[in-house]
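The values are calculated or read from the model by the stated rules, or taken from the named source; none is laboratory data. Note that the structure is a prediction, hence the values are computed from the model and not measured. Cβ: placed from backbone, ideal geometry, glycine included. Neighbour counts: every protein chain shown.
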Amino acid sequence: MPVGVPLAYGTNVHPARTAADIAAVLALTADRIRRDVGWDRLGVDLHLGIDALVDDLTPVRRALDRHGLSAHTLNGFPLLPFQIARVKDDAYRPDWADPERERWTRALLDAALLLSDDRMVTISTVPGGWRPHHQRSLDRDLAAGLGRWAAAALRVADHTGRRVVLAPEPEPGCGLETTWDAVRFWTGPLAEDGLAAAAAALDGDHTAARRALTQHLGLCVDACHLAVMGEEPGPALARLAAAGVPVVKCQASACPEADGRDPAQVAALAAMAEPRFLHQTVATSAAGSAWFVADLDRLPTALARIPDPVRLRTHFHIPLHREPAGPLRSTRDHTAATVAACRAAGCEHVAVETYTWSILGDGTGLESGTAAELRWLADHDPEFRCDPCSP
């Protein structure tokens, strides 16, 4: 299945926040990465937060066009600054219980139309919110917000012929964590509360509302998140397909894995704790039971209470193109299988998303590391080399 868009990398790895800073990064760093991999065209999973959305994005569009870059997918998950000293659970704020999340995600709809001419543009978003922030489920808030957003996207599509798809991205510790959660949400709250909200926004037209949900909502599958939650790619993607949940975006990322019975491996994993990002961890027992640990700094204490942990995986995006140093393993084979399963399900938008180069501390530069990851993924699927892609 030839792809119509090039493989991308996530620009949430850059500290750029304003439109001017983003345009500069695209013109310098992204262009160098594109030339390093030797492609005429490179995709960018373009991260736009509030600081950029209040600006005129025309300089960003000019930089994309001048440097052979395609913004066919946007990262609207973190809306607050992401590459700062401490992010942690602010990555999920504002969430879908806050009207500000819907407001700025509507702004991303306009940005998508400005920054790309592709037949379909995708936007990933927070899957409800971080569960510890709330004492109740955010399913109804998320469903209603997505329904209203889809109604707006349908009106735009009917007027312009442009299709923009919003894609919640399941993540450990969030309202939607797994593909099981996505199926439950799609067939329950979205089919009820989401449809009602879309219909209300479309003057009571339930037929149009169903079209809005079908055409303008999908799922973003992050391979690291899938691995941490212990989901195998084949069954996970089959589950989504059986429930009619379209996968429109895949983020190619890997996580470290340790054997919980090996003290050296456990110590090496615990040593990866750091103050910037949350590193949710799941410990799995020999019997298949799983325990969730909210962050790596809590792992040693948690392990004292977890019986027989044989596998530990943590939400820490590590390079795709090599195994980690020392005793730890990478889930990159799981990543390759996840991307293949997403592609087989019809997903064309794939992005490398190692946003942790600044904290890996292994001496690898962001540019050379990202280029190596893109080549590694293209080696698994030569169509990603983008020979058929049009500018």
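When Ala254, Ala238, Ala270 are screened for being under 22 Å from the mean Cα position of the chain (by Cα), within 27 Å of Thr301 (Cα to Cα) and of a type in the set (A, V, I, L, M), only Ala254 passes. Among the residues of the stretch 176-186, the ones that are of a type in the set (S, T, N, Q) and assigned to a helix (DSSP H, G or I) come to 1 in all. For the stretch 349-365, a tally of residues being acidic (Asp, Glu) and more than 16 Å from Gly326 (Cα to Cα) returns 1.
Which of the residues belonging to the stretch 283-296 are within 25 Å of the chain's Cα centre (by Cα), more than 12 Å from Phe316 (Cβ to Cβ) and of a type outside the set (Phe, Trp, Tyr)?
Scanning the stretch 283-296 gives Ala283, Thr284, Ala290, Val293, Ala294.
Is it the case that some residue within the stretch 187-207 is of a type in the set (Val, Ile, Thr) and either assigned by TED's automatic domain parsing to the domain that holds Asn75 or part of a loop (DSSP other than H, G, I, E, B) (or both)? Yes, the stretch 187-207 contains a residue that is of a type in the set (Val, Ile, Thr) and either assigned by TED's automatic domain parsing to the domain that holds Asn75 or part of a loop (DSSP other than H, G, I, E, B) (or both). Annotation: of all residues in the stretch 252-281 being of a type in the set (Gly, Ala, Ser) and free of Cβ contacts under 8 Å to residues at least 40 places away in the same chain, the one that is surrounded by the fewest Cβ atoms within 10 Å (Cβ to Cβ) is Ala271. Scanning the stretch 90-141 for residues that are more than 24 Å from Gly10 (Cα to Cα) and either outside the structural domain of Val350 (by TED's automatic domain parsing) or free of Cβ contacts under 8 Å to residues at least 24 places away in the same chain (or both) returns Asp98, Pro99, Gln135, Arg136. Consider the stretch 221-235 and keep the residues that are of a type in the set (Gly, Ala, Ser) and surrounded by fewer than 22 Cβ atoms within 10 Å (Cβ to Cβ). The one that is farthest from the chain's Cα centre (by Cα) is Gly234.
Of all the listed residues (Gly68, Gly49, Gly38), the sole one being out of contact with any Gly (no Cβ under 8 Å at 6 or more places or on another chain), more than 23 Å from Gly369 (Cα to Cα) and not acidic (Asp, Glu) is Gly49. Restricting the search to the stretch 189-220, which residues are under 27 Å from the mean Cα position of the chain (by Cα) and charged (D, E, K, R)? Glu192, Asp193, Arg210, Arg211 - these are the residues of the stretch 189-220 that are under 27 Å from the mean Cα position of the chain (by Cα) and charged (D, E, K, R). Evaluation of Ala85 against the conditions (1) small (Gly, Ala, Ser); (2) out of contact with any Gly (no Cβ under 6 Å at 6 or more places or on another chain); (3) closer than 22 Å to Val164 by Cα shows that the sole unmet condition is (3).
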